[in-house]
Amino acid sequence: MRKKLVAGNWKMNLSFREALDLTAKLRSEFHPSDKVDVAIAPSFPYLYPIVKMLEDNEINVLAQNMHWADFGAYTGEVSAPMLRSVGVNSVILGHSERRLYFHETPEILQKKVNRAILEDFHVIFCIGEKWEDRKAGKHIEVIQNQIAGSLFKLELQDWNLITLAYEPVWAIGTGQTASPEQAQEMHSFIRRLIKNKYGSETANQVRILYGGSVKPGNAAELFAQPDIDGGLIGGASLKANDFLAIIQAAKEAG
Ligand code: 13P
């Protein structure tokens, strides 16, 4: 039985003060549960203070991105060893905003994933098709290429560190969620893909999150689907009450 995971991707939002206030509210209201894991991904400058605030709490802190090298002349970048040195050992990679605005290709993402695994980092790896891909009936092929292009050189045991997040680009920040049936169809395809390559045990244990306009009002029906193991939440993770309601929905579905 896979434990659900609800992760908040704060993206490039919130002042330092607002980030601390939100963390404080989550810290006081989230109680460890055997039904759901919770994580938040603040911006880089806020990671260390938030890790400190959550030291005695089960909320995990994620980075939103990292570089593939360990150290070096890469102005403006942040590496896995740097993250580890401030107490972070999990990272989101492959988000569609990174692919779109920063031209992260499957090859670049493969290098980042490899570095993350080498450093024993947990990775939430995002995949998702654009609306025109879906309209053209190419959504399955796009997802297959994104997964195969960055993850299919991994060793079997590396999958212990991987969580997938299916985020259709047309559903991100638009208020237009994939229907539970559309999401379930893709999640079950993804699980079959992993099964064909790595076997049933790996396919059954890997968590596949859904992301894209998840809100308190639609979380329960999404999380009720058999292959949806939680959510990667953008906008609604910036409001403590909404995020807590989504966590509660995952608990009840779990
Ligand atoms: P929204 O929940 O704002 O649609 O964002 C989803 C997302 O991109 C999470 O990574």
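Couple of notes before you dig in:
- Residue selected from region 83-96 under the condition away from the ligand (no atom under 16 Å from the Cβ) and touching a residue at least 12 places away in the same chain (Cβ under 8 Å), by the criterion farthest from L209 (Cα to Cα): V86
- Selection count where residues are open to solvent by less than 20 Å² (accessible area, probe 1.4 Å), small (G, A, S) and farther than 22 Å from S237 by Cα, scope region 36-91: 3
- Residue among I228, I172, I208 that is crowded, with 18+ Cβ neighbours inside 10 Å, closer than 24 Å to K11 by Cα and within 13 Å of the ligand (Cβ to nearest atom): I172
- Those strands (runs of 3 or more DSSP E) of region 1-116 in which at least 2 residues are among the small types (G, A, S) and modelled with pLDDT of 95 or more, considering only elements entirely within it, cover 4-9, 36-41.
- If you go through region 108-120 and pick out every residue that is closer than 20 Å to K11 by Cβ and surrounded by fewer than 22 Cβ atoms within 10 Å (Cβ to Cβ), you end up with 1.
- Annotation note: Cβ proximity below 7 Å between a residue of region 165-180 that is assigned to a loop (DSSP other than H, G, I, E, B) and a residue that is among the β-branched types (V, I, T) and near the ligand (Cβ under 7 Å from one of its atoms) (sequence gap 6+ or interchain) occurs for T177/V214.
This table checks each residue for (1) acidic (D, E); (2) over 23 Å from V169 (Cβ atoms); (3) assigned to a helix (DSSP H, G or I); (4) open to solvent by 20 Å² or more (accessible area, probe 1.4 Å).
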site	(1), (2), (3), (4)
A183	no, no, yes, no
R192	no, no, yes, yes
V214	no, no, no, no
N218	no, no, yes, yes
I246	no, no, yes, no
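- Residue list for region 1-15, restricted to those being of a type outside the set (A, V, I, L, M) and surrounded by 13 or more Cβ atoms within 10 Å (Cβ to Cβ): R2, K3, K4, G8, N9, W10, K11, N13
The values are calculated or read from the model by the stated rules, or taken from the named source; none is laboratory data. Owing to the predicted nature of the structure, the values given are computational and were not obtained by experimental measurement. Glycine also receives a Cβ, built like all others from the backbone with ideal geometry; neighbour counts cover every protein chain displayed. What goes into the accessible areas is simple: the full protein's heavy atoms, side chains included, and nothing from ligands, DNA or RNA. Shrake-Rupley method; radii C 1.70, N 1.55, O 1.52, S 1.80 Å.
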